[in-house]
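J.: Got a structure here, written out as structure tokens. Questions coming.
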Amino acid sequence: MNRKLIIAIDGPAGAGKSSVARKLARQLDYLFINTGAMYRAVAWKAQQSGIPLDDVEQIGRLARESRIELTGPVDATRVLIDGEDITESITSPRVSQAASVVSAIPAVRRALVARQQQMGNQGGVVMEGRDIGTMVFPDADIKIYLDASSEARSHRRFDEDTARGIAVASIERMRSEIEERDLRDKSRDDSPLMQAEDAIYIDSSGLSIEEVVVRILGAVSSKMN
Ligand code: DC
């Protein structure tokens, strides 16, 4: 396998994109880029700086001027903004909702998409998000649209958050937050979450991470041969 592919994984929150992308990157010895973390970083900084989420101008400027780094090994990636490690802080439900709001701002998307293209254009990358196969790398070698029922997704997120020690009210509350976020991500004007025409659709509701990874590796090897 010497050709370094660009693998794009898109889909709604909680479908398993990060776990799948991470595992795939480890097996292929590729870079793993979680673009959601970049939108979360901008949202975190806006909240930290007291900028209202509807101040599109200031938030656009913040996205252009902040230095966002995704560093470290595949299994222990860290997220830094202007040198500050915010890996843990950006997983809170408050930042999740705020990230969904700031990601609808076109100036934010322009700034982050340009950086994502720079990060991945050499290939050898598994990049996950909402618009990777449609906007960031429309010519990606492999595009996956990873979906799951909102029930399966809320259970997963609930378990993940509980394991991380994040207080979550209930699964029902988690489900309504996820559905609210999905609706916003799918209905925004700029680069809404949608399946690229040439993406492989995988419903992970009844599948393990490993089973999803095996399916994608199948697509990778047919691309190589
Ligand atoms: O994947 P995530 O849950 O960490 O993403 C956080 C928010 O960022 C999500 O609500 C939608 C947005 N996002 C986006 O608009 N485009 C991406 N490529 C990645 C995330």
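J.: Based on DSSP, what percent of beta bridges with both residues in the chain are antiparallel, to the nearest 5?
T.: Of those bridges, close to 25 percent are antiparallel.
J.: If each Cα of segment 96-210 is one equal point scatterer, what is log10 of I(q)/I(0) from the Debye formula at q = 0.11 Å⁻¹?
T.: -0.43
J.: I144's amide H: which non-local residues (gap 5+, or another chain) put their own amide H closer than 5 Å, with H modeled 1.01 Å from N in plane and none for Pro or chain starts?
T.: Answer set, sorted by chain and number: A8, I9, D10, I200.
J.: Could you calculate the contour length gain from R110 to R26, that is, 0.36 nm times the residue separation minus the distance between their Cα atoms, to one decimal place in nm?
T.: 27.4 nm
J.: Can you check what the net charge comes to around P106, using other residues whose Cβ is under 9 Å from the Cβ of P106 (Lys, Arg +1; Asp, Glu -1)?
T.: Residues close to P106 contribute a combined charge of 0.
J.: Further question: So for each of 178-191, 132-145 I average, over its residues, the number of other beta carbons within 10 Å; can you give me the resulting order with the highest mean first?
T.: Descending mean neighbour count gives 132-145, 178-191.
J.: Straight-line reach from K4: which aspartates and glutamates have a Cα under 15 Å away, not including same-chain ones fewer than 8 places off?
T.: D29, D139, D141
J.: Now for a separate question. Take the alpha carbon atoms of segment 78-96, find their center, do the same for segment 47-66, and report the distance between the two centers in whole angstrom.
T.: 15
J.: Explain nothing, just the number: dipole magnitude of the chain about its Cα centre with +1 on each Lys and Arg Cβ and -1 on each Asp and Glu Cβ, in debye rounded to the nearest 20.
T.: Charge dipole, the chain, about its Cα centre: 400 debye, nearest 20.
J.: When the Kirkwood radius is taken over all Cα pairs of the chain, what Stokes-Einstein diffusion coefficient follows at 25 °C and 0.890 mPa s, in µm²/s?
T.: 139
J.: Can you give the extra length, in nm with one decimal, that the chain gains between A76 and S49 once fully stretched, where that is 0.36 nm per residue apart less the Cα-Cα distance?
T.: 7.0 nm
J.: Mind scanning K17/K143; K17/K45; K143/K223; K186/K223 and naming the pairs with a C-alpha gap bigger than 19 Å?
T.: From the list (K17/K143; K17/K45; K143/K223; K186/K223), the Cα-Cα distance tops 19 Å for K17/K45; K186/K223.
J.: Would you mind counting up the charge near D85? Only other residues with Cβ under 10 Å from its Cβ, with Lys and Arg at +1 and Asp and Glu at -1.
T.: Surrounding charge for D85 is -2.
J.: Quick check: pseudo-label points 7 Å beyond the Cα along Cα→Cβ at E151 and R61, how many nm apart are they?
T.: Placing both labels 7 Å beyond Cα along the Cβ direction yields 4.9 nm.
J.: Note down the relative contact order for the chain as a percent, whole number, built from C-alpha pairs under 8 angstrom at least six residues apart.
T.: After rounding, I find 33 percent.
Since every read-out is calculated from the coordinates, none of them should be taken as a lab result. Since this is a predicted model, take the numbers as computed values, not measurements. Heads up, the Cβs are rebuilt from the backbone with ideal geometry, glycines too, and the neighbour counts pull from every protein chain shown.
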